[in-house]
Structures are given as C-alpha cells and as structure tokens.
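**Q** Here you go, one structure.
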C-alpha cells in the first residue's frame, strides 16, 4: 500500500541572484514497509525533497499524494494534521523543546493530537523504554548527550504512531559510535512496520536501508 | 500541555530574559500606575478635603482681586438673613488675621489667627488632642485656643498651657496689646500649609485679640443646606440676598478646581502615562521578538511536527501576558512606594494645604492600569506571533542547519 507518492516534483527557489532549482522532476513512491535512504552531495536537494514528501513545503510543479490525498489541494491545517498524526520527523539538530523534559517532549505531539491522558502516559513510557531512556524521563535536553537527545527525538517522532518516518541527516551531529546506535534504532523502527525515508551522508546508515537512491543537482537517480 | 504551561515553562527556562522583562515592566508599570493615580488624585483629594468640613456651601465677597479678596461686609445681618432661609440648616463665619505668638525666651513667631463662630471648628481642624473650643473648663477669663501641631511642638505648648498673641495690622507696626490664650486642643489644619503655625479661637477670643473692637465683616461664611432643599437651591437662595456675594456649593468649587487648576496635572499625566505604556510595549515587543528569533528553528520544528499555528500563537501571547502580568503586579507596591515619595516631595510646595495629596489610590486607577497592561501585552505580542506563525517551515529548517 502506498503511503506517499511524489510525481514529477520540481521545486524552484526564487533568489535575488536568479532562481535556483533544488529538485528537478523527481518521482518517488514510498510503500508500507519501505526503508529508503537518499544520498548525495550537500546542496543537491535531498532535504528539499524530504520536506516536499513531509508536507512542510509545496512543489513549484508536480504533485504529492499522501495516502491517496492530493497534498496540493489540502489546507495548511489539513497538512498540519497529516504531519501530526501520519508523519514523524527526525531532524539533524534534534529540535527538542529545551524547557520540557524528555517525557514531556514525547508527550507534546500526542496531547496536540488529542490522545487521552492515560493512553499518553502508557505510550510515552513504552517509547522511552523502546529508545532505552526510561531512566532519563525527567531529564531536560540540556542534561542529555547528543545521542540521547536524538533517541528522544525518534521517540517523539513515533509518538502518534506515524505511517512514515522522515529523517534529515539523523546522525549528522553524532559521533560514529552514537550514530551506529541511532542506525540500529531505525532498523528496529522499520522492523516494527514503520516506513522510513532518510537523507544522509552516512554511508553506514544508508547501507542499512532496503532501497538506496542518489540525488545529484536536484535529480533523483 | 497547554499553551499557558508552555509559556510558563519557557519563562522559567529563559530566566534572565524573563526577570529582565518583569523588572522592566514593573518599573515602567509603577510609573504608569502613578500617572494614573496623579490624573485624578489631586481632584479626589481636594473633594475629600472640601466635603469633610460639614458645610456644603461657601460664601465669599466679590470685592477686591481674586488673590486679595475683601471680606464680606455687614456679616452679622447677613448671618441672620441666611439662617432665616428655609433652604439653610446652619450658617457660620470665619475671620482671619495675621498675628504673632509671643515667646518669653525668643523672638515672636508669626501665626495665622482664626476666629470661628462654630466652636466645633467649621471642619477646618481635625485629629484633635485635648478639647475643642466649646470646652467650659479652665479659666473663663482666657479665650480658648486650638493650635496646630507644629506650633505646639516648636513652642512646647500642650492642652492647659497658656501663651500670648498680638494681632498684626497690615502695613503698620501693631499697637494691639498681646492677649493671653489658653490651649485647649492641638490639631491638624488640613487647609493650611504643612508646618504652618495656626491658632483657632472663638469669635469672642478673636474680638479680644483685636482689642475688643471688631469690624462687622467675615472673610468666609459656611452654610449647610437642608437635606430637603439640597445645596443648589440653598446657593440660589443665598445669592438672591445680596448681589455682592460669591456663593458656591462644594460641587461647584470642586468642578471649578477640576476645570482650572487641575487641567495641567491631567495633561501631564496623560502624556506621561501614554509614554510609559509605549515603553512597556517596546520592552516586551523587543524581548519577545528577540526570543522568537532565537528560537526560529524550534518553532519551525514544532510546526513541522504538526503543532498548530494557533497553539504557537497562544503560547507567545501567554508568554507576553505572563511577563506583563507579573511585572504589572510588582508595579503596584512599587508604584505605591514611589507615589508616597513623590507625594511627599510635591507637597513641600509652599502654600499647599497640608491635607491635599497628589497621588490618590482609587479602584478606577487599578482597573485602568490593568487595562493598559493587557492592551500592551496583546499589542507587544502581535509582531512576534506573526513572525512565528508565518515563518516558512522548510526554509527556516534549512537555514538553521546551514547556520
């Protein structure tokens, strides 16, 4: 079953020095159970493609269909709802809320999605166990290491049980050993049935994906 | 987690910024609160003072310059006529003269001598220690006197003491003999300037001080209207008796004061309170804008995760409300203390009645203070909220990574 399908996507950024085409005529289908890694040099358009797939940006031309719905025809709040409930995001810089504990960071998107309090508590407890951070539930991000912060970010991304997990350079800020732990966590997430699309420079991480694609100058190969 | 809880946690997380904002709003809010108290304070204080006398009508002569008004002539006959009016319940007169209190061990002290036909004092003195002028005790050959506290302290006088005064005649050396008075009470004279030496006595004592001869005049008369008639009818009735009188009800006196003397204070307070509200707005808007700019990546990530714009907007609004609200609450005691200090300084102006205050608390000031602060918080949050909800998610995330 197809989760998201991108068809002939092009994204042009108007710049004062002239327009820049970040993604050129890219097509991609992500099905349930997929694990896709997209590699390529810096500035080749990987993150832009990820943003288009994740409904945070709209293409200049082409179309994105998410679970059968044309994303271009959706309102901003409808796209927000899809991001909240059907997509999980993991960022290179974690972007955890610094004033909330690990527990609260994981609970936040669930509360926003209207998950009842008792179920939120159960899910959050289970997710912390899943990312092996049960003992750090009450720690603020500033009290966690980079690897621990990224594990909390993965737990947060999974909080609303998304169909698709998008990760933008998830090991970009981590050392090799910590990156390896995160890669193993992605393997578990995939094995548990969540489709993953990640963009990475990390060859070891890309190697673990079932499908590997390369982007060059905005073209997905 | 609610928007309020997020705002509270944000304020706690960025403590230095929050404390800076709260202190800034507290200081500016205190000034604003003071300006609001000043905008009506003098008028309220003046009204309290005028209404505390127990008489609701004032009668003065029209002859002479406003600052050197001549006394009312034929005062005794006028008193009888006014007393006979059905609209009037009671009438009293006041005589004043400059005099000198004779000190056995020093030079004479200048005093203001008052003669009151109302032994209870026309409401011109308060907080009496001792007795009033109507006391029957003591040597009846000595006229009773109620004196101002500063004078009692300086001349070491207490109820039961005696002292002598000599009335001064304007423009000439006084040939009046000094007469002894017995102090029956010590009081505050709110219509006189702070520290003034005042001696109040009966009309008989005043006559004695003037050598036993007194012109049939009065500097001021006070009347109390009957409740059934009201002051306006009584003012009209008294005004018809003689055309050379200026007759005002307390309400008219207060209204005239509000229109003339008070306008400057109101204008100053409006300008200053608007300016301070502007400073509050600038402070909170700047701090919130800087705060949002520091957290653009965080906000973009929240949006990418699907957190609704309205929640982010509500969080920022609550953040502004918290900073301004806590600052505004701190502004109240700070403003009260500041008002006390400023009031003390302003009341040192020469000639100002001791009972008059510039800064007077009233619930309306508090309400206006709260309204100004709420409006400030909302307006100050508009730009940061707009910045947060309108930011392009993908572009911001990309910039955050590149930076």
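Each value in this text was obtained by applying a stated rule to the coordinates, not by laboratory testing. Because the structure is predicted, anything quoted here is derived from the model rather than measured. Glycine gets a Cβ as well: all are built from the backbone with ideal geometry, and neighbour counts include every protein chain shown.
**Q** Just to be sure I understand: if I project the alpha-carbon convex hull of chain B onto a plane and average over all orientations, what area do I get in nm²?
**A** 28.0 nm²
**Q** Here is a follow-up. Hey, what did segment B:91-156 get for relative contact order, percent, Cα under 8 Å, at least 6 apart?
**A** Result for segment B:91-156 is 24 percent.
**Q** Determine, for each peptide in A:198-210, B:180-192, the mean count of other beta carbons within 10 angstrom over its residues, then list the peptides with the highest first.
**A** Highest mean packing first, the order is B:180-192, A:198-210.
**Q** Oh, and also: Provide a whole-number value for the mean count of partner chain Cβ atoms within 10 Å of the Cβ atoms in peptide B:2-15.
**A** 2
**Q** Give me B:55, B:14, B:383 sorted ascending by neighbouring Cβ count inside 10 Å, so fewest comes first.
**A** Ordered by Cβ neighbours within 10 Å, fewest first: B:383, B:14, B:55.
**Q** For a quick size check, give me the Cα extents of segment B:237-307 along its three principal axes, largest first, whole Å.
**A** Here the spans come out as 86, 23, 10 Å, largest first.
**Q** Mind running the shape call on segment A:1-87? Use the C-alpha gyration tensor, a ≥ b ≥ c as the square roots of the eigenvalues: rounded below 1.5 for a/c, prolate if a/b tops b/c, oblate otherwise.
**A** Because a/c hits 1.5 or more and a/b fails to exceed b/c, segment A:1-87 counts as oblate.
**Q** Among the DSSP beta bridges whose two residues both lie in chain A, what percent are antiparallel, rounded to the nearest 5?
**A** Expressed as a percentage, antiparallel bridges in chain A total about 50.
**Q** So if we plug the beta-carbon distance of residue B:289 and residue A:21 into 1/(1 + (r/R0)^6) with R0 = 45 Å, what FRET efficiency do we get, rounded to 0.05?
**A** Step by step, r from the Cβ atoms, then E = 0.85.
**Q** Which residue fluctuates most in the GNM of chain A (Cα springs below 10 Å): A:174, A:97, A:128?
**A** For chain A, modelled as a Gaussian network with Cα springs under 10 Å, the answer is A:97.
**Q** What does the structure give for B:313-324 when I average, per residue, the other chain Cβ atoms found within 10 Å of the residue Cβ?
**A** What the average comes to for B:313-324 is 0.
**Q** Using only the alpha-carbon atoms, how far is helix A:146-158 inclined from the longest principal axis of chain A? Give it as 0 to 90 degrees, nearest 10.
**A** 80 degrees
**Q** Could you tell me whether segment A:31-81 comes out rounded, prolate or oblate from its Cα gyration tensor? Rule is a ≥ b ≥ c as square roots of the eigenvalues, rounded for a/c under 1.5, then prolate if a/b exceeds b/c, otherwise oblate.
**A** Oblate, since a/c reaches 1.5 and b/c is not below a/b.
**Q** Take peptide A:91-101, look around each residue's Cβ out to 10 angstrom, count Cβ atoms belonging to other protein chains, and average those counts.
**A** Rounded to a whole number, the mean comes out at 6.
**Q** In whole Å, what are the Cα extents of segment B:1-132 along the three principal axes, biggest one first?
**A** 81, 53, 37
**Q** Tally the DSSP beta bridges in the protein assembly as shown and give the antiparallel ones as a percent, rounded to 5.
**A** Approximately 65 percent, going by the DSSP bridge assignments.
**Q** Please give the per residue volume of the convex hull enclosing the alpha carbon atoms of the protein assembly as shown, rounded to a whole number of Å³.
**A** Output value, Cα hull per residue: 258 Å³.
**Q** Just to be sure I understand: if I project the alpha-carbon convex hull of segment B:257-358 onto a plane and average over all orientations, what area do I get in nm²?
**A** 9.1 nm²
**Q** Here's another thing I want to ask about it. Can you tell me the mean projection area, over all orientations, of the convex hull of segment B:40-109's alpha carbons? Units nm², please.
**A** Its average projected convex-hull area is 8.5 nm².
**Q** Put one equal scatterer on each alpha carbon of chain A, apply the Debye formula with no solvent term, and list log10 I(q)/I(0) at q = 0.16, 0.17 1/Å to two decimals.
**A** -1.10, -1.22
**Q** A further question on this structure: At 0.36 nm per residue, and after removing the present C-alpha to C-alpha distance, how many nm does the segment from residue B:142 to residue B:176 gain when stretched out fully?
**A** Gain on stretching residue B:142 to residue B:176: 10.6 nm.
**Q** Give me the percent of DSSP beta bridges within chain B that run antiparallel, rounded to the nearest 5.
**A** Taking every DSSP beta bridge with both residues in chain B, the antiparallel ones total about 80 percent.
**Q** Then there is this: Could you bin all the Cα-Cα distances of segment A:158-215 into 5 Å bins starting at 0 and give me the percent of pairs in each, rounded to whole numbers?
**A** Each 5 Å bin holds this share of Cα pairs: 4, 18, 34, 24, 15, 5, 0.
**Q** Pop a pseudo-label 7 angstrom from the Cα along the beta-carbon direction at both residue B:329 and residue A:143 and give the gap in nm to one decimal.
**A** Spacing of the two 7 Å Cα→Cβ label points: 2.6 nm.
**Q** Now for a different question. Can you tell me the relative contact order of chain B? Whole percent, Cα pairs under 8 Å, sequence separation 6 or more.
**A** It rounds to 30 percent for chain B.
**Q** Quick one: angle between helix B:231-241 and the longest Cα principal axis of chain B, in degrees between 0 and 90, rounded to 10, please.
**A** Taking Cα atoms only, the helix is inclined about 40 degrees.
**Q** Under the classification rounded if a/c is under 1.5, otherwise prolate if a/b is larger than b/c and oblate if not, where does segment B:303-403 fall, given a ≥ b ≥ c as square roots of the Cα gyration tensor eigenvalues?
**A** Verdict is prolate for segment B:303-403.
**Q** In nm, give the distance between the simple-model label positions of residue A:201 and residue A:177, each being 7 Å from the Cα along the Cα-to-Cβ direction.
**A** In this crude label model, residue A:201 to residue A:177 measures out at 2.2 nm.
**Q** For segment A:109-221, take the alpha-carbon Rg, divide it by the Kirkwood Rh, and send me Rg/Rh.
**A** For segment A:109-221, the value is 0.99.
**Q** Further question on the same structure: Given R₀ = 41 Å, FRET efficiency for residue B:153-residue B:270 by Cβ-Cβ distance, to 0.05?
**A** Plugging the Cβ-Cβ distance into 1/(1 + (r/R0)^6) gives 0.50.
**Q** Given the rule -39500 (n - 2.57) for each run of at least 4 DSSP H residues, summed and divided by the residues of chain A, what is its mean residue ellipticity at 222 nm, to the nearest 500 deg cm²/dmol?
**A** -10500 deg cm²/dmol
**Q** Hey, with R₀ at 35 Å, roughly what FRET efficiency would residue B:128 and residue B:337 work out to, going by the Cβ-Cβ distance, to 0.05?
**A** 0.70
**Q** Suppose the chain between residue B:161 and residue B:379 were pulled fully straight at 0.36 nm per residue; how much longer would it get relative to their current alpha carbon spacing?
**A** Full extension of this stretch gives 71.9 nm more.
**Q** Label-point separation (nm) for residue A:32 and residue B:364, each offset 7 Å from Cα along Cα-to-Cβ?
**A** The answer from the label model is 7.0 nm.
**Q** If you don't mind, there's one more thing I want to ask. Compute the acute angle (0 to 90°) between the alpha-carbon long axis of helix B:250-259 and the principal axis of greatest extent of the alpha-carbon atoms of chain B; round to the nearest 10°.
**A** With rounding to tens, the tilt is 50 degrees.
**Q** Cα centroid distance between segment B:210-282 and segment B:320-355, in Å?
**A** Computed from Cα coordinates, the inter-centre distance equals 26 Å.
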